[in-house]
Every structure is written in C-alpha cells, then in structure tokens.
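Worksheet: the structure to be examined is printed underneath.
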Amino acid sequence: MASLGNPQNTIAVLQKYQFRFQKKFGQNFLIDPHVLEKIIAAAGITREDFVLEIGPGIGTMTQYLCEKAREVLAVEIDQALLPILADTLKEYENVEVRNEDILKVDINQVAREKNDGKPIKVVANLPYYITTPIIMGLFESHVPIDSITVMVQKEVAERMQVGPGTKDYGALSLAVQYYARPEVVANVPPNCFLPRPNVGSAVIRLTRHKKTPVQVENEKLMFQIIRASFNQRRKTLINGLYNSGVLLLSKDELAQVLEKLGLSANIRGEALSLEQFAAFSNLIQEKCSICK
Ligand code: SAM
C-alpha cells in the first residue's frame, strides 16, 4: 500500500470506499508528508514503544507509527472507517484497531495489558471537539504517560503554554503545566488537511513530568479551586470561589488565606501562577477540614 500522506492517495482511498466525512467526528485527514514526519520525529518513537493513536482516520499516521513502534493501538469511533483501516494497515502485524469512543476506553487498563503498566506514548491528530476532555482524562486518571504528541487547534496549543497575565491563560494551561512540559513543535496551516479546517493547527508535545513542579496536598481540591476561579474570570478570586460554593469558607476567611500568601484580597484568579494556586490550595486544605 502506497503511503497515504498526500492528496492523491488519500482521495483514491476515499473514492474506493465512497467514504463520507462526518463533521460531528471532527474528521480532517492529514495529507502532508512533511507534517507527518515532523509529528513522528517529535514523538521520538522507538521499537520499544507502545503507542496509543486516537482517531486513526484512514490510517495515514498509523502507517508511520507502525513502522517505528513495537505496537500500536488505534481507537476509532467511526465504524465506516474500519474496512478502510483493514485495507490500509493490512501489511502491519503490530497494530490493533478498536472501534470505540476514546472517552469510554479505560486507558489505564490498555497500558497494563499492552505495556505492563509502563508509560505509554500517545500520538494523534485529535478530533478538535474533544481535545480538552481527552487530554484532561489522560492526566487526571493518572494513566502512565511518557508523552502526548498531538495536533490541536492553534489557539488551544497557545492556551496550554501560556502563564498568568495573558488572555489565553486558564484552567487548561494550569492543568497541562502541572502534569507536563508543553512544547509546540510545528504550526500547521489548513491546506495540510482534507477537508480544510476553518482554524489554524499546531503540533504540541506534552512531556510528562517525572515529579510535579509543585507539591500539592490535595490535587482534586486545587483543580476545583482553579476551575471555580476561571469560571467567573472577571470576578475577584474571592468572589469567584465564594459564588461557586466549592469551599465552605467566608469571604473574610478566604481573604486571610490570601493575606498569608502576601496577595491582595482583590486579586483575580487569572493573576495567580501554578505555584500560588498550589500554596493557596494547601493553606485551604489545612484550614478547612469540611471542604466538599
Ligand atoms: N489520524 C487521521 C489523520 O491524521 O488523517 C484522522 C484525524 S481526524 C482529525 C480525527 C479522527 O478521530 C477521525 O478519524 C474521527 O473519526 C476520530 N474520532 C472522532 N471522535 C472520536 C472519539 N470520540 N473516539 C475515537 N475516535 C474519534
């Protein structure tokens, strides 16, 4: 089977199977070999690696992954792609295709079954409508991860990288940076896909920290605080948290905690760094044995 990563071969496969794109599944297939090579190089895959691919489409990137990795599991939601994948991947013995919704797959179990519970690599040209739940699910369920190398919307890649004081800074930035080191490895214009998406894209590599950059007593509490403070972005941290009902503390008690950290009672959540959210959450944890 000729490499699929160019417009002619992709169109030939789509025509052979009379495939109809499903917008609801975020189907934009890669048709640029340079971009594919960049993703594979950035993921640093070796013959030792087990790779999880989310949304293989017609198998374009899967072919590259099979050439490099020990084993690949490709999870695809669209049943119509299965006969195509059976054809485009028939030369490879180191790949399993599962017809499932990635959000319903127990990836911890996959890591146990396929990689003895050792850290896995995730590589994908993600369906953009579920980028955040996929990435957060991988981190929050403590799947053993070595790295996640993914194509995402350009704006989302920016959100993952920025720090306090920028408009894109938010709960996603803090979560990604708590668990991993983000690096954008390529910007990818719409003409590298079929059909063309309406937005620019970027490949980002998230390398899992061996040790988190801050010490947090109660991760769940810290992320509840973070989410509550960004839900009402224009409000002060105290008002946002108080209105959310996440903590059973008065505004005065919240102000005392901020004061301990040398922060003003009028500060907004968007001004706090990861270190400050961690310190704030640790003090709240100490103070509040009745946190929900
Ligand atoms: N990897 C292919 C490529 O690069 O050409 C296709 C990428 S396309 C942006 C996203 C793929 O994810 C599509 O094949 C789509 O059907 C699949 N997909 C969408 N939602 C999914 C889900 N919840 N679980 C698994 N696959 C999904």
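Read-outs: derived from the displayed coordinates by stated rules, not from any lab. Note that this is a predicted model, so its numbers are computed, not measured. Note that each Cβ is placed from the backbone with ideal geometry, even for glycine, and that neighbours are counted across all protein chains shown.
Provide, for q = 0.12, 0.15, 0.16, 0.19 Å⁻¹, the log10 of I(q)/I(0) from a solvent-free Debye sum over equal Cα point scatterers in region 1-84.
Debye curve over Cα of region 1-84, log10 I(q)/I(0) at q = 0.12, 0.15, 0.16, 0.19 Å⁻¹: -0.35, -0.55, -0.62, -0.87.
Name the residue from Ala186, Val162, Gly5 whose Cα lies farthest towards the positive end of the charge dipole of the chain, charges +1 on Cβ of Lys and Arg and -1 on Cβ of Asp and Glu.
So the residue we want is Val162.
Grab every C-alpha pair in region 237-288, bin the distances at 10 angstrom width from 0 up to the longest one, and report whole percents.
With a bin width of 10 Å, the distribution comes to 26, 66, 8.
If one computes P(r) from the Cα atoms of region 24-133, what percent of pairs lie at distances over 22 Å?
In whole percent, the share of Cα-Cα pairs in region 24-133 beyond 22 Å is 26.
Quick one: compute the contact order of region 37-175, relative version, from alpha carbon pairs under 8 angstrom and 6+ residues apart, as a percent.
Numbers: 212 pairs, mean separation 31.2, N = 139.
Worked out over region 37-175, it gives 22 percent.
Tell me which lysines have Cα within less than 28 Å of Lys118's Cα, excluding those fewer than 8 residues away on the same chain?
Reachable lysines: Lys38, Lys68, Lys90, Lys104, Lys210, Lys211, Lys220.
Mean separation of Cα pairs under 8 Å and 6+ residues apart, divided by the residue count of the chain: what relative contact order is that in percent? Could you put the intermediate results ahead of the total?
Numbers: 493 pairs, mean separation 42.2, N = 292.
RCO, the chain: 14 percent.
Hey, which lysines would be in cross-link range of Lys167, C-alpha to C-alpha under 18 Å, not counting anything within fewer than 8 residues on its own chain?
Lys154, Lys235
Using a Cα-Cα cut-off of under 20 Å, which lysines could be cross-linked to Lys260, ignoring same-chain neighbours fewer than 8 residues away?
Within reach: Lys251, Lys287.
Taking the Cα centre of region 1-130 as origin, work out the dipole magnitude from +1 charges on Lys and Arg Cβ and -1 charges on Asp and Glu Cβ, in debye rounded to 20. Mind dumping the intermediate values first?
Details: 15 positive and 18 negative charges, 59 e Å.
Approximately 280 debye in magnitude.
Would you tally the net charge around Cys192, using a Cβ to Cβ cut-off of less than 14 Å, leaving Cys192 out, and scoring K and R as +1, D and E as -1?
Numbers: positive: Lys38, Lys154, Arg196; negative: Asp32, Glu37.
That sum, taken over residues with Cβ under 14 Å, equals +1.
Suppose every K and R has +1 on its Cβ and every D and E has -1 on its Cβ; what is the size of the dipole of the chain about the Cα centre, in Debye to the nearest 20?
Values: 34 positive and 32 negative charges, 149 e Å.
My answer is approximately 720 debye.
May I ask you to list the GluC sites (Glu not before Pro) in region 1-104 that are in a DSSP loop and have at most 11 other Cβ atoms within 10 Å of their Cβ? Please list the in-between numbers first.
Numbers: sites: Glu37, Glu48, Glu53, Glu67, Glu71, Glu76, Glu91, Glu93, Glu96, Glu100; in loops: Glu48, Glu76, Glu91, Glu93, Glu100.
Filter output for region 1-104: Glu48, Glu91, Glu93, Glu100.
Give me the dipole magnitude in Debye, nearest 20, for region 215-292 about the Cα centre, with unit charges on the beta carbon: positive for Lys and Arg, negative for Asp and Glu.
360
Determine the principal axes of the Cα atoms in the chain, then give the extent along each, sorted from largest to smallest and rounded to whole angstroms.
67, 40, 29 Å, listed from the longest principal axis down.
Positive end of the charge dipole of the chain (Lys, Arg +1 and Asp, Glu -1 on Cβ, about the Cα centre): tell me which of Thr131, Ser147, Ala278 has its Cα farthest that way.
Positive-most Cα among the choices belongs to Ala278.
Relative contact order, percent, of region 230-286 when contacts are C-alpha pairs under 8 Å separated by at least 6 residues?
Values: 45 pairs, mean separation 21.8, N = 57.
With pairs under 8 Å counted, the relative contact order is 38 percent.
Taking the Cβ of Val150 as the centre, find all other residues whose Cβ is under 13 Å away and add up their charges (Lys, Arg: +1; Asp, Glu: -1).
+2
Could you give the spread of the C-alpha atoms of region 156-292 along their three principal axes, from largest to smallest, in whole angstroms?
So the extents along the principal axes, rounded to whole Å, are 54, 33, 26.
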